[in-house]
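Chemist: One structure coming up, written as structure tokens, with questions to follow.
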Amino acid sequence: MPGGSRRRMHSTITLAFWLTLIAGSLSLSSNAMALELRPAVGASLEYTNNAGLTPDNEDDDWITRGYVGGSLSEKTGPLKADATTSLTYEHYINNTFGNKYYFDLAANSTWEMIRNRLNWQVRDYYTQTPVDSFNADTPANTQNTNVFSIGPQIQLPVTGRQTISVNPLFQDYYYGDDDIDNRQYGLNANWLYRLYPHVNTGVEGRVTRVKYDNDDKYPEYTISTFNGVISGERVYTQSQETLFNYTLKLGGTTIRRDRSEDESGPVGSLTWLYRLTGHSAVRLFTASELTDTSSSYYDSQVNPQNGDFSNIQSSGDVLRENTVRLSYERQGSRLTANVGIEYRDLDYKVAPDDRKVKAIGSGLNYRVLPMVTTGVYGSFNQTKGTNDDRRDDRYILGGNLSYRLSRKLSTVFNLQYQNKDSTEAIEKYSEFRAFVSLVYGYGSQALPGPMDTGY
């Protein structure tokens with residue numbers, strides 16, 4: 001499909017989410033609606049002493065940004081919707097890079113057409129991802145990425161303990177690189193049996209047909225997966241609050257490709273969450289999957305705690321993805337903290353993008369006064385390319401101070417230092433950044449680039 005036609009189709013699909021949401025809203029009575037819209041506007045100024053993230057000939061630059069965004073939510077009645085969006089304009093005063101617009105959207109809506117029988121779900125995630133995940137995070141190495149997903153969720157109760165669910169699904173993936181744009185047509189089905197009051201077991205299967213726009217370069221293929229599933233939780237008897245919950249899946253996947261060798265093998269995952277206190281919890285996620293990078297991108301948007309997509313190289317290939325991620329999070333009235341450790345082993349079947357990734361990140365925020373919060377953060381990422389013996393080590397250290405001038409007006413001041421060491425001399429760099437922003441309304445300004453820990 002030509003690039004222009006593809007982009008028009010991508011814009012139409014993104015618009016379709018909002019039209020579906022509006023149509024669902026109009027179909028409901030005004031008494032059943034409790035739509036909440038929270039807009040925001042803001043501006044920021046940033047200084048960097050190495051705008052191009054280069055090893056030599058470092059150029060400092062000032063970056064100005066304008067920001068509009070907001071959130072929308074509807075949590076009552078048949079329509080459930082949740083969306084956050086932003087549009088950021090970025091200008092490098094010394095012209096290190098050209099002017100850029102960054103659009104972000106995370107939207108999810110479910111329309112309950114028949115109570116406990118039929119839901120219609122629409123999702124859209126639009127963000128920026130690296131073109132080459134090994135290289136420096138600059139505007140030149142950034143591409144727009146979007147996935148649009150739509151399909152009905154059909155539930156068929158068999159008995160009081162048994163339920164069958166069927167979910168036909170269409171997904172459209174758009175990247176800045178037209179070669180790996182693709183569409184996926186899937187059918188998911190599962191049978192769930194309540195073994196005990198807090199333990200469920202069952203089986204699930206899914207079949208997905210993947211079609212790339214450039215089918216001369218990337219052949220079509222069909223992914224078939226079958227899993228046995230057991231899930232459960234333990235709750236406090238008096239309060240009925242969850243102490244821990246888990247989901248274990250074990251099975252196998254077969255990938256049949258039109259012009260390449262088929263792939264098959266065992267797959268499985270374990271998700272385990274344990275609440276240490278009412279304010280803190282530990283979460284473990286580990287998985288071994290035969291998949292494609294588009295599906296990994298979608299999962300990272302729906303379940304961001306399962307891993308950082310920036311550690312994956314986007315590709316039209318299929319791969320074996322092994323992930324282990326352990327995280328801790330605390331949400332207190334004055335102190336919030338998080339720590340995450342991740343190991344990822346990516347084995348592509350054709351593309352020479354195999355790599356092993358080790359990452360750790362942490363952040364801490366403390367409310368000093370009702371209107372003043374301070375924070376520190378840091379992260380370390382080591383990526384080894386197993387095809388070319390490349391190794392990159394990058395660490396980030398930063399701190400910030402935020403002050404709420406009024407109920408809706410806030411300002412943030414941030415200082416950050418990052419350093420990257422690489423076996424590729426051209427990819428070594430160090431950089432210092434200083435950033436100040438002013439936002440009126442909901443949320444804070446989302447920035448392209450490594451201004452956070454990734455956890």
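Any read-out appearing in this document is the output of simple, stated calculations on the displayed coordinates, not a laboratory observation. Keep in mind that what you see is a predicted model, and the values were worked out from it rather than measured. Ideal geometry is used to build each Cβ from the backbone, glycine not excepted, and the neighbour counts take in all protein chains shown.
Chemist: Need the C-alpha centroid separation for region 94-118 versus region 341-361, integer Å.
Modeler: 27 Å
Chemist: Given R₀ = 60 Å, what would the calculated FRET efficiency be for I230 paired with V368, taking r from the Cβ atoms and rounding to 0.05?
Modeler: Between I230 and V368 the formula returns 0.85.
Chemist: How far is it, in nm, from the label point at S430 to the one at K349 when both lie 7 Å from their Cα along the line to the Cβ?
Modeler: 4.5 nm
Chemist: Relative contact order for region 210-319 using alpha-carbon pairs under 8 Å, separation at least 6, rounded to a whole percent?
Modeler: After rounding, I find 19 percent.
Chemist: Mind checking which lysines have their Cα closer than 17 Å to the Cα of K428? Skip sequence neighbours fewer than 8 apart in that chain.
Modeler: Counting by Cα, and skipping residues close in sequence, K428 has these lysines nearby: K384, K420.
Chemist: Let me ask something else about it. Apply the Kirkwood formula to the chain: the hydrodynamic radius equals the inverse of the mean of 1/r over all pairs of different alpha-carbon atoms; give it in Å with one decimal.
Modeler: 24.1 Å
Chemist: Let me ask you something else. Take each of the peptides 144-157, 387-400, average the number of other beta-carbon atoms within 10 Å over its residues, and list them starting from the highest.
Modeler: Descending mean neighbour count gives 144-157, 387-400.
Chemist: Do you know the relative contact order of region 158-353, to the nearest whole percent, from alpha carbon pairs under 8 angstrom that are 6+ apart?
Modeler: It rounds to 12 percent for region 158-353.
Chemist: Related question: When the Karplus curve 6.51 cos²θ - 1.76 cosθ + 1.60 is applied with θ = phi - 60°, which whole-Hz ³J(HN,Hα) does each residue of region 194-201 get, with x for Gly and Pro?
Modeler: 7, 6, 9, x, 10, 9, 10, 9
Chemist: Mean separation of Cα pairs under 8 Å and 6+ residues apart, divided by the residue count of the chain: what relative contact order is that in percent?
Modeler: Once divided by the residue count of the chain, the mean separation gives 11 percent.
Chemist: Okay, moving on. Considering only the other residues whose Cβ falls under 14 Å of the Cβ of F170, what net charge follows from Lys and Arg at +1 and Asp and Glu at -1?
Modeler: Here the count lands on +3.
Chemist: Let me know the Kirkwood hydrodynamic radius for region 158-353, please, with Cα pairs as the basis and the value in Å to one decimal.
Modeler: 18.7 Å
Chemist: For V203 and I93, what is the calculated FRET efficiency with R₀ set at 60 Å and r taken between the beta-carbons, to the nearest 0.05?
Modeler: 0.55
Chemist: Step through the residues of region 398-415 one at a time and calculate ³J(HN,Hα) from phi using the Karplus curve (6.51 cos²θ - 1.76 cosθ + 1.60, θ = phi - 60°), rounding each to whole Hz and writing x for Gly and Pro.
Modeler: After applying 6.51 cos²θ - 1.76 cosθ + 1.60, I find x, x, 8, 9, 10, 9, 8, 6, 7, 4, 10, 10, 9, 10, 9, 10, 10, 10 Hz.
Chemist: What order, most packed first, do the peptides 118-124, 366-372 have when packing is the mean number of other Cβ atoms within 10 Å of each residue?
Modeler: 118-124, 366-372
Chemist: Specify the inter-centroid distance of region 282-338 and region 376-430, based on alpha-carbon positions, in whole Å.
Modeler: 19 Å
Chemist: Still on this structure: Sorted by packing (mean other beta-carbon atoms within 10 Å per residue), highest first, where do 158-166, 129-137 land?
Modeler: Answer by packing, highest mean first, reads 129-137, 158-166.
Chemist: I need the P(r) histogram for region 230-315: all alpha carbon pairs, bin width 10 Å from 0 out to the longest distance, whole percents.
Modeler: 14, 35, 31, 14, 5, 1
Chemist: So which aspartates and glutamates can K249 reach, going by Cα to Cα under 19 Å and dropping same-chain residues fewer than 8 places off?
Modeler: E204, E233, E289, D292, D299, E321
Chemist: Among the lysines, select those whose C-alpha is under 24 Å from the C-alpha of K211, and discard any that sit fewer than 8 residues away in the same chain.
Modeler: By straight Cα distance, K211 reaches K349.
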